[in-house]
Amino acid sequence: MERGDILLRIRDLKIEGRVEDSWLPILKGINLELRRGEVLGLIGESGAGKSTLGLAAMGFVRDGCRFSGGTVEFEGQELTTAHRSVRRSLRSSDIAYVAQSAAASFNPAHKLVDQYAEFPVLRGRMTQAEARADAAKMYARLQLPDPNGIGFRYPHQVSGGQLQRAMTAMAMSCRPKLIIFDEPTTALDVTTQIEVLAAIREVVAEFGTAAIYVTHDLAIVSQMADRVMVLRYGEMVELAETRQMLTTPTEDYTRSLWAVRSFRAPVKAEAAKGAPLISLRDVTASYGKVDVLSDISIDFHAGRTVAVVGESGSGKSTVARVLTGLLPPRRGEVSFDGAALPKVVDQRSKDQLRHVQMIYQMADTALNPKQRLRKIIGRPLAFYLGLSGRALEDRIRDLLAEIELDPDTFIDRFPSELSGGQKQRVGIARALAADPRFIICDEVTSALDQLVAEGILRLLVNLQNERGLGYMFITHDIATVEAIADDVVVMQHGRVVEAGRKEDVLSPPHEPYTELLLSSVPEMDPDWLTRVLDQRQGARASPILPGST
């Protein structure tokens with residue numbers, strides 16, 4: 001659509017963060033203008049200042065940060081010096097924010113529809129009944145199942161992909177003039193991601209909403225943004241129209257971002273598999289009376305990585321819950337080293353527990369923010385291995401060195417003092433502390449920028465080679481599968497659709513569902529999303545795909 005007048009103007013913006021007794025620069029004089037109906041993409045590696053700049057567009061800085069120079073004008077209103085009440089009145093009405101982690105953003109004690117209705121009612125734009133009816137319409141637009149009923153569920157009663165779409169809907173409840181999207185699709189499978197991207201694009205076009213789209217995914221930004229700004233170390237590296245940025249970036253750093261994700265783990269021989277380390281045999285598992293896994297059989301081998309892929313709700317994380325004993329199967333067996341494992345975690349021995357560990361997707365919520373790294377890594381060492389005193393201290397330091405964090409620098413830091421990639425490395429160290437033989441990696445790189453993600457993948461491969469670890473790698477990112485997997489299991493609706501060596505599963509001909517997943521991987525082509533939607537929907541007017549989960 002045609003862009004309107006300037007909605008947001010940022011001039012020479014400087015933001016500082018407090019570290020002990022000093023203030024250090026985070027943003028170092030950023031300038032930008034955003035017009036009505038325009039989408040600006042912000043990209044850059046972890047710590048570049050993308051999210052800080054996105055939040056600053058709302059006149060907001062995180063605790064421990066401050067505006068130290070420059071201006072942020074929204075419709076002519078200067079926000080950095082405006083009274084708190086002015087800024088608060090704009091947020092969630094004229095300016096909305098869609099966070100990366102929906103699970104950490106919703107109130108777990110309130111139903112989705114009540115959280116949707118809160119601000120339209122508070123701002124006097126709708127009655128409670130009108131807001132609930134509007135929620136159902138927005139849920140339908142975002143292709144949430146049972147749009148008239150899903151709002152009456154609590155956040156924990158829907159999948160991660162559904163929750164992310166519910167948050168996008170909630171951001172639109174007051175029909176804002178500006179939305180800040182902070183990595184809104186990183187937790188989504190590729191098929192669901194298409195639906196959300198299409199919905200966001202439609203909403204921006206229909207309502208003339210401007211947007212700042214923060215992402216580390218270059219293919220995504222090419223679908224969404226009219227212009228792209230590249231940030232590094234709090235400074236603007238480059239700003240250009242999207243097509244120009246993709247085809248002829250002028251800066252070496254921008255070209256280096258375009259070239260990442262070339263890492264590939266060495267291919268392992270089929271004969272090296274041997275007997276499975278851990279396996280599921282004919283497992284059926286249920287939540288209440290509903291089967292969520294049906295007759296699943298998967299083998300995991302020492303020294304190999306099995307990538308388990310599928311859309312939201314396919315059963316990937318449920319397999320992990322069965323393996324760890326958090327969800328007892330209704331039928332079937334879990335075995336480790338050829339011996340049956342107790343189905344319930346409370347019935348497993350300490351030795352059985354330590355051999356199966358997990359690294360979580362969101363390090364922000366997986367690490368205790370009140371504990372220093374010394375205690376976070378030290379607790380499993382004390383619990384599983386009985387270490388104490390000097391031996392405990394030495395092992396904590398060894399693990400920090402193993403994950404490539406300097407022990408003297410990091411051992412007494414809190415999680416809040418780490419970058420996203422550093423937090424994920426600590427999550428890896430905590431899992432390694434138990435001295436396991438099998439690790440479940442649950443979307444461990446999805447929230448990381450591509451440069452940091454590549455570093456994490458290299459670290460995991462090196463650790464596997466050194467320790468002979470078996471990995472279950474839950475992911476929706478086909479690029480990650482290509483980089484790290486030895487074997488691939490494709491799941492849909494709680495069943496295994498296809499399984500085999502990576503080279504076989506990812507090579508045509510594909511099963512229809514595998515073909516759908518592979519065709520849903522975004523490409524660095526601004527016309528890709530439009531082309532895929534046209535191919536799948538033919539003459540249908542709506543850009544939202546059916547059959548979401």
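The values are calculated or read from the model by the stated rules, or taken from the named source; none is laboratory data. All values reported here derive from a predicted model rather than from experimental measurement. Cβ: placed from backbone, ideal geometry, glycine included. Neighbour counts: every protein chain shown. Heads up: the accessible areas ignore ligands, DNA and RNA and are worked out on the full protein's heavy atoms, side chains in. Shrake-Rupley method; radii C 1.70, N 1.55, O 1.52, S 1.80 Å.
Where the Cα atoms of the stretch 83-191 are projected onto their three principal axes, how long is each span, largest first, in whole Å?
40, 30, 25
Using amide H atoms built 1.01 Å from N in the peptide plane, name the residues 5+ places from VAL308, or on other chains, whose amide H lies under 5 Å from its own.
PHE473, ILE474, THR475, VAL489
Percent antiparallel among DSSP beta bridges with both residues in the chain, to the nearest 5?
Within the chain, antiparallel bridges account for around 55 percent of the total.
May I ask you to give the average projected area over all directions of the convex hull of the Cα atoms of the stretch 398-549, in nm² rounded to one decimal?
11.9
Just to confirm the number: angle between the C-alpha axis of helix 160-171 and the first principal axis of the chain, 0 to 90 degrees, nearest 10?
Helix 160-171 sits at roughly 10 degrees to that axis.
What FRET efficiency, computed as 1/(1 + (r/R0)^6) with R0 = 25 Å and r the Cβ-Cβ distance, is obtained for SER294 and GLU515, rounded to the nearest 0.05?
So the FRET efficiency works out to roughly 0.70.
Tell me the label-point distance for the pair ASP337, HIS493, using the 7 Å Cα-to-Cβ offset, in nm and rounded to one decimal.
4.0
Would you kindly compute the Cα radius of gyration of the stretch 401-467 and its largest Cα-Cα separation (Dmax), both in Å?
Here Rg and the maximum Cα pair distance are 11.8, 31 Å.
At a Cα cut-off below 17 Å, give the lysines reachable from LYS28, other chains included and same-chain residues fewer than 8 away excluded.
LYS28 reaches LYS14, LYS50.
What list of ³J(HN,Hα) couplings, whole Hz, do you get for the stretch 295-311 from phi and the Karplus terms 6.51, -1.76, 1.60, once you set θ to phi - 60° and write x for glycine and proline?
Those phi angles translate into 6, 8, 10, 9, 10, 10, 10, 4, x, 10, 10, 9, 8, 10, 10, x, 6 Hz.
Please calculate how many Å² of accessible area the chain carries per residue, with a 1.4 Å probe and no DNA, RNA or ligand atoms counted.
Value for the chain: 42 Å² per residue.
Quickly work out the SER105-to-ARG379 label distance, labels modelled 7 Å from Cα along the C-beta direction, and quote it in nm with one decimal.
Result for the modelled spin labels: 2.7 nm.
What nm distance separates the two modelled labels at PHE263 and SER89, each placed 7 Å from Cα along Cα→Cβ?
5.0
Using the Karplus equation 6.51 cos²θ - 1.76 cosθ + 1.60 (θ = phi - 60°), what ³J(HN,Hα) coupling, rounded to whole Hz, does each residue of the stretch 379-395 give in order, writing x for Gly and Pro?
Values, residue by residue: 4, x, 5, 6, 6, 7, 10, x, 6, 7, x, 5, 4, 5, 4, 5, 5 Hz.
Angle between the Cα long axis of helix 190-207 and the longest principal axis of the chain, 0 to 90 degrees, nearest 10?
10
Would you kindly compute the Cα radius of gyration of the chain and its largest Cα-Cα separation (Dmax), both in Å?
Calculated on Cα positions, Rg and Dmax stand at 23.7, 70 Å.
Just need the Rg to Rh number for the stretch 1-116, please, alpha carbons only, Kirkwood Rh.
With Rg and the Kirkwood Rh in hand, the quotient comes to 0.99.
How much length, in nm to one decimal, is gained on full extension between ASP351 and LEU122, taken as 0.36 nm per residue of separation minus their Cα-Cα distance?
Value of the extension gain: 77.1 nm.
Out of every Cα pair in the stretch 365-424, what percent are spaced more than 13 Å from each other?
Here the tail beyond 13 Å accounts for 60 percent of pairs.
Under 16 Å Cα-Cα from LYS343, which aspartates and glutamates qualify once same-chain neighbours fewer than 8 residues away are excluded?
Candidates past the 8-residue exclusion: ASP282, ASP295, GLU333, ASP351.
Please compute the Cα-Cα pair-distance distribution of the stretch 131-264 with 5 Å bins starting at 0, giving whole percents from short to long.
2, 9, 18, 19, 17, 13, 9, 6, 5, 1, 0
Exceeding 30 Å between C-alpha atoms, which entries from my cross-link table qualify? They are LYS289/LYS502; LYS268/LYS370; LYS350/LYS370; LYS177/LYS316.
Result: LYS289/LYS502; LYS268/LYS370; LYS177/LYS316 exceed 30 Å.
Ratio of the stretch 398-440's C-alpha Rg to 2.2 N^0.38 Å, to two decimals?
Its radius of gyration relative to the 2.2 N^0.38 Å reference: 1.14.
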